[in-house]
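Peer 1: After the structure tokens below, expect a handful of questions from me.
The values are calculated or read from the model by the stated rules, or taken from the named source; none is laboratory data. If you're wondering where the values come from, they're calculated on a predicted model, not measured in any experiment. Glycine also receives a Cβ, built like all others from the backbone with ideal geometry; neighbour counts cover every protein chain displayed.
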Amino acid sequence: MKNIFPMFVLLLLTLTATSAHAVNIQEVTSNSGIKAWLVEDHKLPLISMHFAFRGGVEQDPVAKQGLANLTMNLLTEGAGPYDAAAFQQQLADHSVALNFEASRDALLGSIKTLTTDKEKAFELLHLALTAPRFDKNEVERVRNQQLAALRNQLGSPGWQVRYALFQRIFGSHPYGERRLGSTETLASLTRADIKAFAASHLARDNLMVSVAGDVTPKELAALLDQIFGDLPKDSKLEPISEVVWPQEPTIILVPREGTQTELLFAMPGPKREDPDWYAAEIANYILGGGGFSSRLMQDVREKKGLTYGISTGLSPMEHGAVIIGQAATDNAKTGQAWDIAEDTMHRFYQDGVTEKELESAKDYLTGALPLEMTSTDKISGVLIDLQLEYSGRDYLDRRNDLIRNVTTDDVERVIHRWFNPEGLTLGMVGRPEGVIPTKTEDPVHN
Amino acid sequence: MLWRGLLAFLLLLTPLTARAAVFYPTSFTLANGLQIIVVPNHLAPAVNQMVWYKVGSADEVPNKTGLAHYLEHLMFRGTEGMGPGEFSKTIAAQGGDDNAFTAYDYTAFHETVAADRLPMIMQMEADRMQNLRIMPETATPELSVVLDERQQRTDNDPDGRFEEKLRHLLMPHYPYGVPVIGWRQEIEKLTASDATDFYKRHYAPNNAVVIISGDVTPDKVMRMAASIYGPLERHDVTERRPLPPPPNPVQHRFVMVDVGVEQAELQWQVVVPSYNTQKGQEAYAYEVLAEALDSGEIGVLYRKLVAEQGVASGIETSYDPDARGPALFTIALTPHPGKKPEQLEKALRDALQDLAQHGLDAKLIEDTKERLQREAIFARDSLMMPGYAFGMAITTGHTVTDVEEWPDRIKAVTPEAVNAALTDLVANPHSITGLLLPDAHASKAAREAAHPVLSHDMGIR
């Protein structure tokens, strides 16, 4: 159709500014002082809640790796008057989705319920947090599930290269530890370990809560005390030291049969509270974070067809931060693909970014966040992330300006501070040709 | 009067009555045959568009496997007015998100943007629905990307190879037995002109359905669609040929040993009726059955095999009835550490026999149905769910009403029907049992033997 094209161009020209998005986040405080962020919305008869306790997998003692994960998975396996089967039956009968997980720096939980079943849902959550049973049979069953997950992980090339790389960059720091543990540490965990971990890590002083959906502030205030009020006031967290980055760059190889090599590369990056965070987000978007628009994707995939995907991302943590990149390529083409990627990174380091790239990155970053908040659970999920990264409740109102104010000079500064390819550590798993490792690691088997 | 003029494009307008329904959509069809379905959702100022074409890998011709998926990739490589890669860049410049996927029976493209950008993404999809340009200089590197994708998903992943092999053994000489991504040797030979030809034969407004979900009103979308998609010309597409008669029943057992595997896995796949091939309403009974057998930890099989007998540490049941041909009912299990997978295989068989013999409890079936019906409310709390639900239904020969009446049809399933489905499943003569086993202690020679070069592996065809 000939008349399609002109109209199309016109539309593109007129639609470049991103629409403002006002999300009304209320702060709710219970009688006992427990706080939550709330986006109230009564369109659907649903309530979603996310909550987090600071202190996650990093809290596992070296000899007890896998403990945080096992503890979290056991919270839905029987509590108060309900054994595991009865507890699960209650969840199912009331269509309650209740999940717990252990992440690097926090223990996370979420619950989603129909308004009609909210009483039961929040009663079950209260029991899971304050009266988990950790019955012997269930501990064994869930331990076995974790063992199966661990074995799956051990067989995965992606995990193998990640583990080797993290061992190198984090050394004996807890960030080098394994979320699921090893077969030995997992087997050694006792019921007493699990009870002690829950008692010292699930408390009110390290708790954050966010809610979206069909609930009023007043109702929520009462719910907060009902759900979390019986938790101990203070957590007992192990202090974690800051990450010290290893000095020399390394190329690590984990040999593995197959046709393809997976690459994972890392450099020290900015922490979330760094004043240059937004400039770094923009730099990362342009280099490798922007999907098909990124320079790495353009150079390695779109122009040469050497990979199905190559990307980079910022990974800020409580006690350190990395910029992580990943790609996969044919064994025989690894050298060619990595040469192009390195060249792209060198040019990025030397020449910086163009005004046009800066503007595109800003357009994307300012437009993307509102588009993530399209369901009640996604909204409460974004709100808990904001709390975990210490953003204020007015953050969504300020964020666009923080991004818009970044200049090419700012981006150049962060590129020189963090994006020097000379300093990167590269991990490979496969039988790569054309990249010579400085260190070869045996795959881990337990 | 713009509005009156646009009505000429509207062939059919079906506002649906409000009863126990799922998404409460408005559906209409333009004069050029393009169906548009609108689902308002005002939770966030965002909109999602999904464009589904009624063509998938099962519609490919012999020796051209992978062509539907290759074309899906090339849909991002430029039109007369838009350069290669510009499509995704334009979406990204709005903070938006876009992607695409191909399956046996359909190919779909989707974008999420701020709600006021809907005209833009409609323009872009309308443009590539008719004006795609496939040039050798972009088509050639894209073929390497597809081969890299195949490598990543299948060739270099024991799980991927295992799944591919099971499918092929279960349905040899049937389109669903061929991987969607295609056989490597055939992908390698695909050309730009193959793709152009496929595009011309299958991509047209009269062979597509568009679902718009988000912060919009049906009226406005209708006008917008009529002015943007309306002018596209209907053109003859290759008649969708009926799938061949169902493949001959076989009962297979397949064992794959791979040094890259650390955790063993057991799969039982059974060829069962889909919404299309069912004689009565048994697909709905199979849906209730799948949920009863595996609904997290209260599933009947989980209780038996994991909690009581301790032979498995995990179980997953899946059944997807949205298919033009038959559907698969799959039970995947992870053996309990220290138990032999063969032991688990026997335990699964015994458990299913036992359940079929005694029948599932009527109350359990009623509870399961209740749970499934409530899923409809949760489905509304999602921007993309309407696109998936309507897209899959309509490209496999079903209607908006089929989706909207789903809760009622689940409600109508009787305990007898569920137990009949269970009996049929257990007695089904068309199935495969697959075991994926680790080989950590094999010698180096044995390891290398377990890793045949891929071209050999695929040579079974």
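Peer 1: Condition check: under 22 Å from B:Ile394 (Cβ atoms) and in contact (Cβ under 8 Å) with a residue 24 or more places away in the chain. Does B:Ala108 satisfy that?
Peer 2: On the way: under 22 Å from B:Ile394 (Cβ atoms): yes; in contact (Cβ under 8 Å) with a residue 24 or more places away in the chain: yes.
Answer is yes for this residue.
Peer 1: Criterion first (surrounded by fewer than 15 Cβ atoms within 10 Å (Cβ to Cβ) and closer than 30 Å to A:Glu342 by Cβ) does A:His416 satisfy it?
Peer 2: The answer is yes for A:His416.
Peer 1: I'd like the full set of residues that are assigned to a strand (DSSP E or B), crowded, with 22+ Cβ neighbours inside 10 Å and away from every other protein chain (no Cβ under 12 Å), limited to segment B:271-318.
Peer 2: Passing the criteria: B:Val271, B:Val272.
Peer 1: Filter segment A:101-118 for residues that are in a strand (DSSP E or B), under 17 Å from A:Val211 (Cβ atoms) and either more than 10 Å from chain B (Cβ to nearest Cβ) or among the β-branched types (Val, Ile, Thr) (or both) and give the result.
Peer 2: Answer for segment A:101-118, where residues must be in a strand (DSSP E or B), under 17 Å from A:Val211 (Cβ atoms) and either more than 10 Å from chain B (Cβ to nearest Cβ) or among the β-branched types (Val, Ile, Thr) (or both): A:Leu108, A:Gly109, A:Ser110, A:Ile111, A:Thr113.
Peer 1: Related question: Out of everything in segment A:254-294 that is farther than 25 Å from A:Trp159 by Cα and among the aliphatic types (A, V, I, L, M), what residue ends up being nearest to the other protein chains (Cβ to nearest Cβ)?
Peer 2: If we take residues in segment A:254-294 being farther than 25 Å from A:Trp159 by Cα and among the aliphatic types (A, V, I, L, M), then A:Ile286 is nearest to the other protein chains (Cβ to nearest Cβ).
Peer 1: Given the options A:Lys271, A:Lys303, name the one that is touching a Pro at 6+ places or on another chain (Cβ under 7 Å), surrounded by fewer than 20 Cβ atoms within 10 Å (Cβ to Cβ) and touching a residue at least 24 places away in the same chain (Cβ under 8 Å).
Peer 2: Only one candidate passes the filter, namely A:Lys271.
Peer 1: While we're on this one: Sort out which residues of segment B:330-353 are in contact (Cβ under 8 Å) with a residue 40 or more places away in the chain and more than 11 Å from chain A (Cβ to nearest Cβ), and write them in order of number.
Peer 2: If the condition is that a residue be in contact (Cβ under 8 Å) with a residue 40 or more places away in the chain and more than 11 Å from chain A (Cβ to nearest Cβ), then B:Thr330, B:Ile331, B:Ala332, B:Pro341, B:Glu342, B:Leu344, B:Glu345, B:Ala347, B:Leu348, B:Ala351, B:Leu352, B:Gln353 are the ones that fit.
Peer 1: Counting only residues that are outside any loop (DSSP other than H, G, I, E, B) and under 16 Å from B:Ile36 (Cα atoms), how many does segment B:211-268 have? Lay out the reasoning, then the answer.
Peer 2: Filtering segment B:211-268 down to residues outside any loop (DSSP other than H, G, I, E, B) leaves B:211-214, B:218-228, B:251-258, B:265-268.
Next cut, under 16 Å from B:Ile36 (Cα atoms) only: B:211-214, B:218-228.
Result for segment B:211-268: 15.
Peer 1: I've got another one for you. Give me a count of the residues in segment B:90-107 that are at negative phi and in a loop (DSSP other than H, G, I, E, B).
Peer 2: Number of matching residues: 7.
Peer 1: Is it true that B:Glu86 is within 12 Å of another protein chain (Cβ to nearest Cβ) and under 27 Å from A:Tyr285 (Cα atoms)? Working first, answer last.
Peer 2: On the way: within 12 Å of another protein chain (Cβ to nearest Cβ): yes; under 27 Å from A:Tyr285 (Cα atoms): yes.
So B:Glu86 passes the test.
Peer 1: Can you pull out the residues in segment A:1-45 that are among the basic types (Lys, Arg), at pLDDT 50 or above and in a loop (DSSP other than H, G, I, E, B)?
Peer 2: A:Lys43
Peer 1: Considering each residue of segment B:129-149, count those that are of a type in the set (Lys, Arg) and out of contact with any Asp or Glu (no Cβ under 9 Å at 6 or more places or on another chain), and give that number.
Peer 2: 0
Peer 1: Considering only segment B:152-196, state which residues are among the hydroxyl-bearing types (Ser, Thr, Tyr), within 21 Å of the chain's Cα centre (by Cα) and more than 24 Å from A:Glu257 (Cα to Cα).
Peer 2: B:Tyr174, B:Tyr176
Peer 1: Quick check on B:Gly160: is it small (Gly, Ala, Ser) and in contact (Cβ under 8 Å) with a residue 60 or more places away in the chain?
Peer 2: no
Peer 1: Among the residues of segment A:400-435, write down those that are closer than 30 Å to A:Val39 by Cβ and not in a helix (DSSP H, G or I).
Peer 2: Those that are closer than 30 Å to A:Val39 by Cβ and not in a helix (DSSP H, G or I): A:Asn405, A:Val406.
Peer 1: Which residues, counting only those in segment A:35-47, are crowded, with 20+ Cβ neighbours inside 10 Å and more than 12 Å from chain B (Cβ to nearest Cβ)?
Peer 2: Those that are crowded, with 20+ Cβ neighbours inside 10 Å and more than 12 Å from chain B (Cβ to nearest Cβ): A:Ala36, A:Trp37, A:Leu38.
Peer 1: Identify the residue in segment B:251-281 that is aliphatic (A, V, I, L, M) and over 24 Å from the mean Cα position of the chain (by Cα) and, among all such residues, is farthest from B:Leu333 (Cα to Cα).
Peer 2: B:Val259
A quick yes/no check of all residues on (1) surrounded by fewer than 22 Cβ atoms within 10 Å (Cβ to Cβ); (2) under 20 Å from the mean Cα position of the chain (by Cα); (3) within 9 Å of chain A (Cβ to nearest Cβ):
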residue: B:Gly95; (1), (2), (3): no, no, yes
residue: B:Val113; (1), (2), (3): no, no, yes
residue: B:Pro119; (1), (2), (3): yes, no, yes
residue: B:Met129; (1), (2), (3): no, no, no
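Peer 1: Right, something else. Of the numbered conditions (1) within 14 Å of chain A (Cβ to nearest Cβ); (2) in contact with a helix residue (DSSP H, G or I) (Cβ under 8 Å, 6 or more places away or on another chain), B:Gly387 fails exactly one; give the number of that condition.
Peer 2: (2)
Peer 1: Of all residues in segment A:80-104 being of a type in the set (Phe, Trp, Tyr) and more than 27 Å from the chain's Cα centre (by Cα), which is surrounded by the most Cβ atoms within 10 Å (Cβ to Cβ)?
Peer 2: A:Phe87
Peer 1: Can you tell me which residue within segment A:344-368, out of those that are free of Cβ contacts under 8 Å to residues at least 40 places away in the same chain and under 30 Å from B:His42 (Cα atoms), is surrounded by the most Cβ atoms within 10 Å (Cβ to Cβ)?
Peer 2: For segment A:344-368, the residue satisfying everything is A:Ala368.
Peer 1: Would you point out which residue out of A:Thr76, A:Thr190, A:Thr130, A:Thr185 is among the hydroxyl-bearing types (Ser, Thr, Tyr), surrounded by fewer than 17 Cβ atoms within 10 Å (Cβ to Cβ) and either more than 23 Å from B:Glu316 (Cα to Cα) or free of Cβ contacts under 8 Å to residues at least 60 places away in the same chain (or both)?
Peer 2: Result of the check over A:Thr76, A:Thr190, A:Thr130, A:Thr185: A:Thr190.
Peer 1: Give the residue that is farthest from the chain's Cα centre (by Cα), with candidates limited to residues of segment A:344-399 that are over 22 Å from A:Asp409 (Cα atoms), assigned to a helix (DSSP H, G or I) and away from chain B (no Cβ under 14 Å).
Peer 2: Top of the filtered list is A:Asp397.
Peer 1: Please indicate, with yes or no, whether at least one residue in segment A:325-332 is assigned to a loop (DSSP other than H, G, I, E, B), within 14 Å of chain B (Cβ to nearest Cβ) and not charged (D, E, K, R).
Peer 2: Scanning segment A:325-332 turns up no residue that is assigned to a loop (DSSP other than H, G, I, E, B), within 14 Å of chain B (Cβ to nearest Cβ) and not charged (D, E, K, R).
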